[in-house]
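Visitor: One structure, pasted below without further comment.
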Amino acid sequence: EPEVTQTPSHQVTQMGQEVILRCVPISNHLYFYWYRQILGQKVEFLVSFYNNEISEKSEIFDDQFSVERPDGSNFTLKIRSTKLEDSAMYFCASNPTGIESLEGWKLFFGSGTQLSVL
Amino acid sequence: LAKTTQPISMDSYEGQEVNITCSHNNIATNDYITWYQQFPSQGPRFIIQGYKTKVTNEVASLFIPADRKSSTLSLPRVSLSDTAVYYCLVGMNYGGSQGNLIFGKGTKLSVKP
């Protein structure tokens, strides 16, 4: 079964540094998402992306965050200047159709990148 | 998305059937009910979706009464590997602008030997 792959699986960085989290969505999918989960808390929506632009973003996704699909296969999340509270598991997800259709509720999630900001 | 309420946690033993009920009193006519499963240190995984009555697949069954104000996820003969958090999501499946899935706290199922 095709899957969403994320790299690295673990990332340790110093506060104030920039990090880029990478994701390769399933090849025929058109809608892409980033979620995060702080240890012991809920899975939180960050951003959705379609047709090379952001479709929707949450309050968490402030100016320090950006997303990009640089080459038609990768989907990246950049945090410009990391803060301690950015420490979390970051999940990438993709879907072929978007939430407007029933199939759009079947998001395919990657295994995540555990980001630790020291 | 319609607000959902489900138990915070449940315990079970291997081989038992587990039923997790989700309340969604303000479900809209067009809303489907979707369940996800999340194993520790992994992303959520879609397991089942339904609109009314009963849906069954290789993982679980979903029972939805006629008033659709609740739904029950049924896991037959659980094993230790079914230990996970289970999320119930309810919302419009079509129309409107591009949206996103909002996960609640889910139900943490612990299966013991």
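Visitor: Which strands (runs of 3 or more DSSP E) does segment A:61-116 wholly contain that include 2 or more residues that are touching a Cys at 6+ places or on another chain (Cβ under 7 Å) and among the charged types (D, E, K, R)?
Guide: none
Visitor: Which members of segment A:32-86 meet the condition of being modelled with pLDDT under 95, among the small types (Gly, Ala, Ser) and surrounded by 13 or more Cβ atoms within 10 Å (Cβ to Cβ)?
Guide: If the condition is that a residue be modelled with pLDDT under 95, among the small types (Gly, Ala, Ser) and surrounded by 13 or more Cβ atoms within 10 Å (Cβ to Cβ), then A:Ser48, A:Ser55, A:Ser58 are the ones that fit.
Visitor: Let me confirm something: among B:Ile47, B:Ile33, which residue is open to solvent by less than 50 Å² (accessible area, probe 1.4 Å), at pLDDT below 95, in a strand (DSSP E or B) and within 13 Å of chain A (Cβ to nearest Cβ)?
Guide: The unique qualifying residue is B:Ile33.
Visitor: Filtering segment A:90-108 down to residues that are touching a helix residue (DSSP H, G or I) at 6+ places or on another chain (Cβ under 8 Å) and within 7 Å of chain B (Cβ to nearest Cβ), which residue is modelled with the highest pLDDT?
Guide: Taking the candidates together, the pick is A:Gly98.
Visitor: If you check B:Arg77 against the conditions, is it among the charged types (D, E, K, R), outside any strand (DSSP E or B), open to solvent by 40 Å² or more (accessible area, probe 1.4 Å) and on the phi > 0 side of the Ramachandran plot?
Guide: Yes.
Visitor: Taking the conditions exactly as written (small (Gly, Ala, Ser), more than 14 Å from chain B (Cβ to nearest Cβ) and either in a strand (DSSP E or B) or free of Cβ contacts under 8 Å to residues at least 40 places away in the same chain (or both)), does A:Ser48 satisfy them or not?
Guide: no
The values are calculated or read from the model by the stated rules, or taken from the named source; none is laboratory data. Computed from a predicted model, the values in this text were never measured in an experiment. A quick note on method: Cβ atoms are made from the backbone with ideal geometry, for glycine too, and the neighbour counts reach across all protein chains shown. Surface accessibility is based on the protein's heavy atoms, side chains included, excluding ligands, DNA and RNA. Shrake-Rupley method; radii C 1.70, N 1.55, O 1.52, S 1.80 Å.
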